[in-house]
Every structure is written in structure tokens, then in C-alpha cells.
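First comes the structure, then the notes that go with it.
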Amino acid sequence: MDSSSSENRGTELMSTLPGDDVRQIMWRFAERYEVQMVVQSARSLARGVVARLVAEGARNTHEWNDKKGQLLKGFDELGLTSVFMDPEEGGFIAGPKNLVLALMAFELSWVDGGAATCSLASNLALSPIHEKGTPEQRLTYMSRCVPPLPGEDRKIWRGAFALTEPLPYVGVDTGILSGRMRVAEWEEGQEPLLQVEKRGRFITNMGFANFVTAAVDSDDPRIKGSAMVILEEDDPGVFDRGATTLKLVHQLSSTSDPILSLKVPASRIIGGYTIKDGVIIPNCNHGDVIESVFRRTRVPVAVMSSAKLLSAIEPVIRYQRTRFRGGSASSAGSPRYDLGLQQKEDALQRLVDVWAAGEAGAALGFAAARLFDEFDPIEREKDKLLIERGITGSRAQMKMFKEVEKSALEFVALEHQPAAERDMARYQELAADTLVQYLVKESQANVLCPACKLWNTGHGATMMREAVSLMGGYGITEDCPGFLTQKWTDAQLEATYEGPEAVQRRQLSITMTNELFLAQFRLWIKDLYAIATQRPGTGANALANAMELWLWTLEFLQKSKDAEGKALYHSQRHGVVFPFADALCWLLASRQQILDLLELEEKGPENPVVASGLAGFVNFFSDLCHVQAARSAGEAGRICAELVYGYQRDLAAINADDTEFAALRHKADVSMAGARLFKDRAAAAVSKVMIPEALDYPI
Amino acid sequence: MNGGFHIVVCGSIVPDPLQTLAPIEGPTGPALKNELMLPAVLDPWAGHALYEAANLAKNVPDSKVWLVSLGPKAKLQQLMMSIAQKVSFELVVLDGPAGGFTDPCEVAAALAGGINGIAGLDRSRLLLFGGCSSASRDAGVTMQMVAEQLGIGDQFLGVDELTIQADGSMKLLERIEGGQYQVSTCTGAPAMLAWATGNLPEPPNNPQIGMMNMRTVMPALQKAQPAPVGAAGVSYLGVELPKQRRETRIVKDLSVDEVAREIVEWLKG
Ligand SMILES: Cc1cc2nc3c(=O)[nH]c(=O)nc-3n(C[C@H](O)[C@H](O)[C@H](O)COP(=O)(O)OP(=O)(O)OC[C@H]3O[C@@H](n4cnc5c(N)ncnc54)[C@H](O)[C@@H]3O)c2cc1C
């Protein structure tokens, strides 16, 4: 039970809002100065140019215009455009860039999500080339997209990514394309020329893009399968930017429905091609390309929604505190004057909920970003290895990985053993094995990416509405400080583009049952119980119990049938697997939030600035963890109960299971003891925390 | 003079002006509530001096800029993540307090000591830059004291413009009363310029410049010397906020004339 911790850690309240020093520790970039600089750079653009654009009403038009174009200039001048590129391509950050891009998106969407989308969309266009392009394609297009250096006279290129097609074609289901490619000319010994037809729908950056990476299928027996191709604005044919999308959100990004009908050399097929028996065989089909693109680009989108929740805290506190000032009913120094709406418990507690959800989402999103930073080099190494070993084709790969999975499971088990007890030689051998490491990381990435995209944006949108409501009528006006309504409605797009919630749930319903993932999940539960003993105030106990309940329910669902005798766990049975995926997301976000807190507690004392206020921060974030853990355990418990009981008519059919489930559910429920007391303390901190005099961006 | 200028800019942090500044009685005398935790910015007057220095160094070949900062090391490091992106300089760090309750004489001594320790600094080419004022300390005498300790007699206060003339001499515009300037000419370095606002906008961030500066910034932070300046012998009778309460109002859609009219009315009471 979790009620003793407040005495252990003193009663110090958080005195200021968490600053950069605190975030750098929690999100693990305290040692990465280049990343910290990009954060400052993005922030200066967001709270300068971007905020002014929004305040001046630039969101009130659908069309892309010169005023909005200031954004692109800003990205270029402040170095943000080249963050995506490697040094040899003209960038300035070496190595994987998932975390830095996520942080950039965080800073931009702190003010406006559309600005963040606009910056991410160019990278999205480049991503197919970055992930799967040939070395020449990479160098060419990445370098073209770097802003010219002083003294250089060249055009900077910007791209758009075109997958989605006009109805009834590609949307959620990306398998069947109507975009086509045919061989237009193919002279003996020469590079074939392709005729590419692509109509896009809702394509970001299309108002100014100089090139498009487009998904198309073969319409010619001389081309096998699908591919992504690069189309340039000066290619012969039609490069029609199309009708502007009349969207109501993210208006600082450009979106339209392009019509593209162009003749391009076959060398524009991303990843290149081989010719066999007179047939062009693209080296990568469009499905492979988009899979490796989206699993990275979805993470910054997730982070965007969480940034907005956290950005709402300060304006809401200010509104609440000043609500009654100036009237005759409250004089300076009176509680009504000083605290305003914060005299009311509900106003404070709902803000605590918003804050906790923002923290959990950010924790999960940044954890996913860091994971991809670790995963990227391993994946490239794996690709190289497979080529060296001549293992091509998905069947051969699957067979090989089936073998490696055993070692991966062994590695996971060894890793969680105390160092003194483990077989060190074997552990080191497996730690150095690229394929083992690839599988371990992949099993996590395949869950964390869809989980953060789904939960941060979906639940984030709901919580953003809560934030709006805390500002009353002001919340739904255009001049509400912090642009809360804009952030709320924008969140719906974040939940939709790059794969709406259904897509994420579909992916999770498969990846979350991966044995390697589940093996790690079980060990995470053990870790959380250990955390709960040492740090009972974090809600780790409630969370661990809920995770255990989830795991039990999975096994139940996989083995059981409904009242009609139909299997419960089936990928097409969305009524089961989709809510079950949701339950997992709550748990994962909460877990990561606790891990970030522990990091702050451990590393905080090393930084004198953080150390001076550490006790207050640790208490507050710990209370937020607890609030969120209780909520997550509640959500997971509710979902699991509905799935276990909801498909049965006669409980006698699951008699023994019922007893087990009820015991586990009860354990999870009672571990919420004290949770509301921690919420009270978090609320007290929110009523006392010092905030600046005014928002640091225009309204 | 051979070669360009060696420009040393003295500048440190102040709390972000948007923050609530509440004086409290700390263990070692008066302090600001939560000062260490509040976000900090480069003291605006020192900022103008730094941007002017960088601009001058860009236009006079073979010049170099140092930024000498007396402040808490961890806070300075955080500040560098944005300032080091704006212009090129080499950092010298003196690890000590940067609050508003230090004695300018002690501060000046520490800064002069720091400057004396800069390897390769050519005193004959030295332009000592700083702010004529500060957003937290505002003693208005610090730069003069530093200059005196370094033996620099040519001192200019409230500088808004510096022009290097064809013969290498410097033409300076100093603010005096009534919105007027005093125009002076100085044959050249060494000299001390305490800047008012200058004429340059804040340079945008550029992480590429930042990455270059970082090569020297981080080692400078690591080898920062402790500079425990305070206000020895000074006892504060009391510290309080100005009587007029700060009221931040944000107005939109108001013409400049209307804003001016409102302010005049307010001033008239
Ligand atoms: C402003 C904006 C910018 C965009 N930018 C780009 C871009 O740059 N490039 C690009 O290619 N695309 C872009 N898109 C397109 C975006 O990715 C799609 O809108 C999104 O993938 C959903 O497709 P859809 O709108 O056709 O929805 P639909 O496919 O019609 O789906 C609608 C809903 O039906 C349900 N559903 C559909 N299929 C299934 C299923 N198989 N299982 C379960 N439920 C299902 C889900 O609830 C889903 O949300 C953008 C969209 C917008 C609005």
C-alpha cells in the first residue's frame, strides 16, 4: 500500500514550473548540447514568428501564402531545416535524429501544431529516400534540401510525401494503390523512362514542394509490383498542385490534392531496381518503404499532442489565479484575489489530470524516440549482415529470425538477472550479436511507436478539451492565451494523419502479442514491483498489478471463446483487440512516466540548479505519476473486465477464470489506496507554484 | 596597432524579465525567491555589447571576441545553449553568484582578474565591452571599475554607436541627457565601452555557430574558477519591490498612437 511515502520525502512543494534543466534530465539529453541548441532554436522560432503568425490570424486562411512562407525562411535560418541531414549532406548533427526531431516538434507545437507539421512534412518526403534510397538518391535529395550556405547561389528544395489518394482509394488501407507507373520508353541499353500517374489527397507541403515522393503500383507487365518514386516539378508532364484542402486545423501547413502525370527515369524508383528477364523489379515495394518511414515519423506527431497539454498549464494557472482580480468582491491579499478559481478543488484537480496526461505522453513519446535512436544503427547493421549472408526474401528472413528469437529471449532473461548471477560470457556474446539486439529493440519499437501515436494523440485530444474547459468561455475564443482551442482541434489531425487510430490499434493487436515483447513486459512488471517497494509514492504498485491483470486477460482472451463459440482474440475482432490495445497504451505511458521520475531523482543532484529545487519537483512528479498510474490501472481494469465478462452470457462457463480474474482485479483496485491523497498534494502544489507574469509568446 | 581588435565583453545572466521577482531574506542576505531555478537570460545591456562586439570583429579582420561571465556555472551553461548559437566568441567563466545583491567593486575585481588570466590577450588591442547598466544589478559603475583595474583610461558610457574611421580611430556616440549624443573620437585601443542599446537586433539562433562555439565553451565551463563575490561589509537594511505594482496588460488591435496616448494619460495620473 502506497500511503507512507509522503513522510519519507518531506512535504516540499514544487516552487517553479519545471525548466530546461529538469526536462533535459527527464528526457535524457542533458549531455547532448547540439540537441539542446536545436531546442532553443526551435523555441525562439515558435514563440517568435510562429506565435505572431497565429496571433495575427494567419490560421484563418486555407491557402498557403507569403506570410505563412516566413515559417520556411525561419526553419532555414535557424538551422531547423538541416537537422534531418547528416554532416556529409550538409547537416550538423551526426547519427540518428529521432530524439532531436521529436524535441523540435515538441517546441513548435508548444505554440502551433501546424508549424510543427510543416517542418516535419519536408522530412517525411525525404524519409523514403533516407530510409530506403540508394546512396546517390540520398546524397542528391538530402543535399538539395539543405539551405544554401552564405555565398552559395542555389535553390533550396522542399518535398511532399504522397501516399493518400482520392476516394475510394488509399486511406487507412494502404495496400491497394490507384497511382500507376508504366514503361514510357525503353531503348536497348538505356535507362527506362517511366510514365507515372498519381493523384494525391490531403498532401502536406504541396503548395510549395519541388519534389514529391509518391507511392504507385505497376500498370505494366514490364514492371513488377509497387514502389515509391521521386517526381520533380520540372519533369515533363503535369505537376498540378491541385485544389487546396479546406481543412480547419493546422493552417500553418499547406495541404492540397495534387494531380501528377510525369515522365521520369527509372532511377527515380526509391531504393533502385534490378532488371530480370526484361522486367523492372523495384528493390523496395511501397509497403516496405512506408513501414520503415512511418514507424519513425509517427513518434514526433505523438509528442506534439503531449507538448500542447503541457503548454496549457501555465496559461490555465494564470487564468485561474487572476479570475476575480479587479472586482469589488475581492481585495488584494484575500484568498479570492490571490487564488481565484484555484480556491476550488475541482479546478485544480482537473488541471492535475491534464498535466499528468501531458507528462505521461511526453515520457512515452520521447522514450520511443530514444529507442529509435538506438535502433537505427542496429537496423542498418542488420540489413548489411543479411546481404552479406545472402538472406533475401521475407520467407528466408522469417526462418532465420525464428532461430534468433530464442537467443533474444535468452538475452532478455540474462539482462534482467543481477550482474553477479548471470553467465557473463554468454550475456556479452548476445549483447554483441546484431541480430539478437535487432529483434529485442524491434519488438519494443513495434509496440512503443503505435502506442504513443495512438494514446498521446487520442487521449491527448480528450485532455486538451479538458484544458479548454478550464478557461471557460475564454477557452473557446480566438484570443485565448496559449491558443487552446486551436490546439484542441489540431489534436484531431494529429490523431488522424500518418495513420489514424485504427491503424495503430491494428498494428498493436499484432505486435503486442509478440513473445519477445511479452517476455520483456513480464520483466517490467517485476521491475515495477521492485520500484514500488523502494518508491511507494509513485503508484508503481497499482501499475504493476494492472499490468499483471492485462497479461492474464491476454492469455484468457487468446484461449477463450465467446458465448457463440467464436474465438475472442482475432485480429479482425476489433471489439476485442482494439480496446485491449488501448489498455496497454495507458500502462506503457504510465510506466515510462515513472521511469522518467526515477531518472530525475537519480541525476537531479548532479546539477546544482535542479538540486536546489529537486525535492519539490520529485514530490510533484511523483504525485503526478501516482495520479496517472491510478487512472491507467482503472482504465485497464475496466477494459479487461468488459472483455472477460462482456462476451459471456453464462458466467459458469468461465468459473475458474472468473475467480482468478476477480482476485487480480481486486488486487489492482486496492493498490489505488492513497492515490487521491497524492492528487490532493499535487493540487496543492499547483495552487502555490510560481509562474511568470505573462506568457512568453504573443496571444 | 597591428591586427584587429581583441574585444572582451563582460556579461552575465539575469532572471528572465517575464518572471515574478520577489525579494526574500536568504541565508547570506537578501536574494530573489527561487532565483536559481528561474529561467535566466543574458543581461540585455551586455547582450547589446556582445552583438556589437561580434559585428565589429566580423568587419575588422583578425579580431577576436571573448565573453567573460561571472555567474553560477550551471546557469551559464544553460544560457550558452542559446547565446552561443548567435555569435562566435570564446568563453571565460568565473563561477560565482550573479544576483543583484553583490558589491560591484568585488565583481569588478573578479572580472579584471579573469581578463588578466586570458592567454594571448593583447592589451594594446583590447576593447573592453560591457553594459552601461544591468537588468538586475544596475550599479552603473562596474565597467568603469574593471577598466580602472586594467589600467584603461579611455572610458565611454552609454555608447550607442562605434564607427572605426579610415585612419583607424574610433568615433563614439554616447547618450547624454535630453535624447542627445556626445560625439567623441578616440585614437584607438585600449578603451572601455559600456554600451547602451547599440543599433543591432538580436541575431537569430544558428545551431551551426553554436556547435563551433561549443568546442571551447564546454572546456571553459569545466575549468571555471570559483569567484565567491558577495557584498562583504555591506549590510542591507531592507529590500522591496518598487511601490508601483507591475501590471502586465496585453492589448491587440490598438494603434501606436492610441497606445502612446494611454501611456501619457496614465503618467499624468
Ligand atoms: C491535413 C492533412 C494532411 C495530410 N497529409 C498527408 C500527406 O502529406 N501525405 C499523405 O499521403 N497523406 C496525408 N494525409 C492523409 C492522412 O494520412 C489520411 O487522412 C489518413 O491516413 C486516413 O485516411 P482517410 O482520411 O482516407 O480515412 P479512411 O480510410 O476513410 O478511414 C476513416 C476511418 O474509418 C475507420 N477505418 C478505415 N479503415 C479501417 C480498417 N481497416 N480497420 C478499422 N477501421 C478502419 C477508422 O476509424 C478511420 O479513422 C493528410 C491528411 C490530412 C487531413
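The values are calculated or read from the model by the stated rules, or taken from the named source; none is laboratory data. Note that the coordinates shown come from a computational prediction; the quantities given were computed from them, not determined experimentally. FYI the Cβ positions are ideal-geometry reconstructions off the backbone, even for glycines, and counts take in every protein chain you see. Remember, those area values only see protein heavy atoms, side chains included, never the ligands or the DNA or RNA. Shrake-Rupley method; radii C 1.70, N 1.55, O 1.52, S 1.80 Å.
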Size of electric dipole in the protein assembly as shown: Cβ of Lys, Arg +1 and of Asp, Glu -1, about Cα centre, debye, nearest 20: 1180 debye
R0 of 22 Å, Cβ-Cβ distance A:Asp66-A:Glu233: FRET efficiency to nearest 0.05: 0.75
Total accessible area lost when A and B pair, probe 1.4 Å, Å² to nearest 100: 2900 Å²
Residue-averaged beta-carbon neighbours from other chains (10 angstrom radius) around A:613-621: 1
Within a Gaussian network of chain B (alpha carbon springs, distance under 10 Å), most fluctuating of B:Leu128, B:Leu237, B:Leu70: B:Leu237
Computed E for B:Lys252/A:Glu345 - FRET, C-beta separation, R0 45 angstrom, nearest 0.05: 0.85
Size of charge dipole - the range A:630-693 - debye, nearest 20, with Cβ of Lys, Arg +1 and Asp, Glu -1, no other charges: 360 debye
Cα-only Debye scattering, the range A:20-144: base-10 log of I(q)/I(0) at q = 0.11, 0.12, 0.18 Å⁻¹: -0.40, -0.47, -0.98
Cα gyration tensor, the range B:6-226 - rounded (a/c under 1.5), prolate or oblate: prolate
Size of electric dipole in the range A:1-144: Cβ of Lys, Arg +1 and of Asp, Glu -1, about Cα centre, debye, nearest 20: 320 debye
A:Ala432 versus A:Glu188: modelled label distance in nm, points set 7 Å from Cα along the beta carbon direction: 5.5 nm
Anisotropy class of the range A:488-551 from Cα gyration tensor, a/c 1.5 cut: oblate
Within-9-Å neighbourhood charge of B:Gly158 [Cβ basis; K, R +1; D, E -1]: -1
Label-point gap, in nm, between A:Glu56 and B:Gln225 - each point 7 angstrom along Cα→Cβ: 4.9 nm
Occluded residues from the range B:54-85, i.e. those whose accessible area drops by 50 Å² or more once the chain is not alone (1.4 Å probe): B:Ala74, B:Gln78, B:Met81
Rounded to 5, the percent of DSSP beta bridges in chain A classed as antiparallel: 80 percent
Label point distance in nm, B:Glu265-A:Ile281, each placed 7 Å from Cα along Cα→Cβ: 8.1 nm
Candidate aspartates and glutamates for bridging to B:Lys64, where Cα separation is under 14 Å - those fewer than 8 sequence places away on the same chain excluded: B:Glu52, B:Glu90, B:Asp122
Shielded by partner chains, the range A:582-611 residues - at least 50 Å² of accessible area, 1.4 Å probe, vs chain alone: A:Val609
Heavy-atom accessible area order for A:Phe92, A:Phe375, largest first, 1.4 Å probe: A:Phe92, A:Phe375
Contact order normalised by residue count of chain A, Cα under 8 Å, 6+ apart, percent: 17 percent
Most to least accessible of A:Val503, B:Val68 (protein chains only, probe 1.4 Å): A:Val503, B:Val68
Net length gained if the chain between B:Arg215 and B:Ala166 were fully extended (0.36 nm per residue, minus Cα distance): 14.1 nm
Percentage relative contact order, the range A:159-283, counting C-alpha pairs under 8 Å, at least six apart: 27 percent
Subset of A:Lys97/A:Lys308; A:Lys224/A:Lys263; A:Lys67/A:Lys97; A:Lys198/A:Lys276 violating a 20 Å alpha-carbon distance limit: A:Lys97/A:Lys308; A:Lys67/A:Lys97; A:Lys198/A:Lys276
Alpha-carbon gyration tensor eigenvalues x 5, square-rooted, for the range A:512-692, Å: 36, 16, 14
Selected from B:Ala22, A:Ala673, B:Leu91, residue furthest toward positive end of dipole (the protein assembly as shown; charges at beta carbon): A:Ala673
Alpha carbon convex hull of the protein assembly as shown, volume per residue in cubic angstrom: 214 Å³
Local net charge near A:Gly171, Cβ-Cβ under 10 Å (Lys/Arg +1, Asp/Glu -1): -1
Whole-Hz couplings from phi, Karplus 6.51/-1.76/1.60, listed for the range A:216-221; x for Gly and Pro: 9, 10, 6, 10, 8, x
Accessible area in square angstrom per residue, the range A:383-453, 1.4 angstrom probe: 55 Å²
Charge tally in the Cβ shell below 13 Å around A:Ser254, where Lys, Arg are +1 and Asp, Glu are -1, A:Ser254 excluded: +3
Selection from A:Ser218, A:Ala116, A:Ala563 lying farthest towards where the dipole of chain A points positive, charges on Cβ: A:Ala563
Per-residue SASA entry for B:Lys252, accessible area with 1.4 Å probe, Å² rounded to 10: 80 Å²
Inter-chain shielding of B:27-40 (mean C-beta neighbours from other protein chains, 10 Å cut-off): 4
B:Phe129 long-range amide H proximity, modeled H, under 5 Å: B:Val8, B:Val9, B:Cys10, B:Leu193
Burial order of peptide ranges A:405-411, A:121-127 (average beta-carbon count within 10 Å, highest first): A:121-127, A:405-411
